Amino acid sequence: MKVLPYDLLMKQLDISNVRQLEDMLINDCMYAGIVKGKLDQRRRCFEVQFAAGRDLRPGQLEAMIQTLANCLSTSDNLLLTIEEKIKWADSMNELNLKHKKEIEDKAEELRKNMKAEMEIRGTQDLSFGDDGALVMDFEEDRVRPKRRR
């Protein structure tokens with residue numbers, strides 16, 4: 001159809017008023033180059049002068065199928081690569097967690113050994129803080145000198 005009534009367009013496009021229809025025709029269709037035509041507000045219609053076709057020319061179907069097949073193949077390869085990277089990242093994370101656990105176990109064992117050794121030697125001025133760090137209690141007899149200007 002070369003002349004499209006506004007009422008038909010509004011019904012087909014589910015648009016409630018003429019202003020929205022005209023804005024959509026101008027902004028979304030004409031500026032995008034999909035259609036060219038004239039809006040006739042007096043007759044409440046759109047006169048189509050040009051419309052971009054959606055149909056394929058003969059011989060284009062095979063090229064489109066090949067392009068889509070290439071796209072699918074590339075997407076499959078990308079998906080496999082991503083899955084491999086995820087598996088690698090998971091294995092590295094497991095190794096890091098295992099290593100961290102080993103270090104924490106060794107540190108705890110060293111703390112216990114040091115504490116047991118201190119008890120054997122009778123050292124009372126060494127202890128461990130809440131964070132597991134070695135704390136040394138001592139009192140200083142000397143007085144700090146004042147700063148000179």
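The values are calculated or read from the model by the stated rules, or taken from the named source; none is laboratory data. In this text the structure is predicted, and so the values were computed from the model without any measurement. Here the Cβ positions follow ideal geometry from the backbone for every residue, glycine too, while neighbour counts run over all protein chains shown. Quick note on the areas: whole protein, heavy atoms, side chains included, nothing else; ligands and nucleic acids left out. Shrake-Rupley method; radii C 1.70, N 1.55, O 1.52, S 1.80 Å.
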Original post:
Restricting attention to the range 4-52, which residues are within 37 Å of the chain's Cα centre (by Cα) and part of a loop (DSSP other than H, G, I, E, B)?
Top reply: D14, I15, Y31, A32, G33, I34, A52
**OP:** Looking for whichever is under 21 Å from L13 (Cα atoms), open to solvent by less than 70 Å² (accessible area, probe 1.4 Å) and out of contact with any Cys (no Cβ under 9 Å at 6 or more places or on another chain) here; the options are G53, G33. Which one fits?
**Re:** G33
Original post:
Any residue in the range 49-61 that is at positive phi and touching a strand residue (DSSP E or B) at 6+ places or on another chain (Cβ under 8 Å)?
Top reply: no
**OP:** Quick one: count up the residues across the range 5-24 that are in contact with a Cys (Cβ under 6 Å, 6 or more places away or on another chain) and hydrophobic (A, V, I, L, M, F, W, C).
**Re:** 0
